[in-house]
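Here, each number is a calculation from the coordinates, and none is a lab measurement. Just so it is clear, the structure is predicted and the values come from calculations on it, not from any experiment.
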Amino acid sequence: MKKPFRKLVEDLGSLKRLLLLSRLRRKYEVLKPQSVVRYLNNEVRITDGPNFYVQCKDEFVQRIYHFEAKRPDPLIIDGGSNVGMSILYFKSVYPEARIIGFEPDPNIFRLLEENVSRNKLKHVTLVNAGLGAESGTTTFIKDDKAGGQFGQGEHGIIHVHADHFVMAGGEFKEGFAHLAQTNDHNLLTFLHVS
C-alpha cells in the first residue's frame, strides 16, 4: 500500500513543479530586455525574458547546480556567471558561501556587477574574463543574452584566467572537490571547492 501512495505523492510533486514552470514561463518570457525583475527575495536586471526564465527554471526549480557542502561557507567558482542567477541560488542555499564569478561578456558583466550590488551579496568576487584550463586569450562570440560562446569568429578577444585553477589530466589542482560540467572548449561552467 505504501508504493501507490508514494507514487501519488511523487506525481503531485511533479505536477506542482510543472504548474510552477508554466506560471514562470508566462510571467517572464514577455519581459523586455534590461528589465528589473523581482524573483523570490532578489531584484535582478535581466538580459531578456526568455533567458531569465531558463535561468530560474534551471537554477531554482530544477536545482541543476545543487550540491551538499561539508561546511557552511564553501568556496564556489562560477565560470560563466551571466547576470548572477547561479550566484543568487548558491547564496540562497549557503549564505556564507565564498564565490568567485567569471563572466567574459563585458555587457553582461555590467549586469552581473549591478545584480550583486543590488542584492548586497557579501563574499562575492567578480572577474570580467572567461575561466579555462590555461591562461591566455581566445575568441569569444558574445550575444549579450545567454552569454555567448568561445570559438571561431571576429566578435572579440577575451582573456582567459587559469592562475590557480590549472587543469592537469582532467583533474583540478589545489584541492578542488567537485566539477559539475565542462564544455567542448575545456572551459569551466561550475566548480565547488570545499
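Here are some notes:
- Taking 1.567 mPa s as the viscosity and 4 °C as the temperature, the Stokes-Einstein diffusion coefficient of segment 86-132 based on its alpha-carbon Kirkwood radius rounds to 119 µm²/s.
- In this structure, the pairs whose alpha-carbon distance is over 24 Å, taken from LYS16/LYS142; LYS57/LYS91; LYS32/LYS57, are LYS16/LYS142.
- Were the residues from GLU68 through ARG110 laid out at 0.36 nm apart, the gain over their Cα-Cα distance would be 12.1 nm.
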